[in-house]
1. Equivalent ellipsoid semi-axes for segment 62-163, as square roots of 5 times the alpha carbon gyration tensor eigenvalues: give them largest first, rounded to whole Å.
2. Can you work out the Karplus-derived ³J(HN,Hα) for every residue in segment 43-55? Use 6.51 cos²θ - 1.76 cosθ + 1.60 with θ = phi - 60°, whole Hz, and x for glycine or proline.
3. Give me a comma-separated list of calculated 3J(HN,Hα) values for segment 92-97, in order, Karplus coefficients 6.51, -1.76, 1.60 applied at θ = phi - 60°, integers in Hz, x for any Gly or Pro.
4. In nanometres, what is the gap between the two model label sites at Tyr135 and Phe122, each 7 Å from Cα along Cα-to-Cβ?
5. Per residue of segment 69-86, in order, report the coupling 6.51 cos²θ - 1.76 cosθ + 1.60 (Karplus, θ = phi - 60°) as ³J(HN,Hα) in whole Hz, putting x for Gly and Pro.
6. Using a 7 Å offset from Cα along Cα-Cβ at Asn108, what residues in segment 144-160 end up with backbone N under 20 Å from the label point?
7. Extending each Cα 7 Å along its Cβ direction at Gln97 and Ser151, get the distance between those two points in nm, one decimal.
8. Please list, ordered by chain and number, the residues whose modelled amide H lies under 5 Å from the amide H of Val159; skip anything fewer than 5 residues away on the same chain.
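Read the figures in this text as sums done on the coordinates, not as results from a lab. Keep in mind it's a predicted model, so treat the numbers as computed, not measured. Please note: Cβ atoms are built from the backbone with ideal geometry, for glycine as well, and neighbour counts cover all protein chains shown.
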Amino acid sequence: MTHLLQTRRALLATGTAATLGATTGLLTPARAAGLAPTPTMRGGANNYRAGAPVVDRIGGGGFTMTGTVRRAGDGIPLEGIRIQMWAHTTEGHERDQRSHGATLTDANGVFRMDMPQIVPAFGQAHGHLAYDADYDDNGFQTVFLRPVMRSAGDTSLDVRFVLVPA
């Protein structure tokens, strides 16, 4: 028992516990209990345009929006989920139709969209992302996100959706 406790402390101190947890059974109770749903963020739906088309990219690119979509509770990756994105960029304001587009998640629940560089609007560089249940038959609740970038010079933003059944 002492060896197991020392090993667990060593794993936690080196940051490898999360990597090894699945194979050694060293999961914290909160993590084992399930994955909490992503709440809608204040301002997430600002300038939303319902039903933006699924596209390969928005504009000329230069910025990459990535993320994952998982099911609340068990964390299973969700394939074929439609995620819409829009932002104030070097090529247009977030209310402009050309600044909106959607993509679908792959078998691992991963999505990716190239878009023009996001620039500050209202003092913050931020993107908007949505899972809109009205455009999907998978039965989850709608979620709108408005993540703020650390710096206006960032060229990517990675977002996590955890969806809960409706």
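1. Details: eigenvalues 116, 37, 27 Å².
With the √(5λ) rule applied to segment 62-163, the semi-axes are 24, 14, 12 Å.
2. Listing the rounded values in order: x, x, 8, 4, 6, 5, 10, 4, x, 4, x, 6, 9 Hz.
3. Calculated HN-Hα couplings, in order: x, 7, 5, 8, 6, 4 Hz.
4. Output for this residue pair reads 2.1 nm.
5. With the stated coefficients, segment 69-86 comes to 10, 10, 8, 4, x, 9, x, 5, x, 10, 8, x, 7, 8, 10, 9, 10, 7 Hz.
6. 156-160
7. Calculated label separation equals 3.7 nm.
8. For Val159, whose amide H was placed from the backbone, the distant partners under 5 Å are Thr66, Gly67, Thr68.
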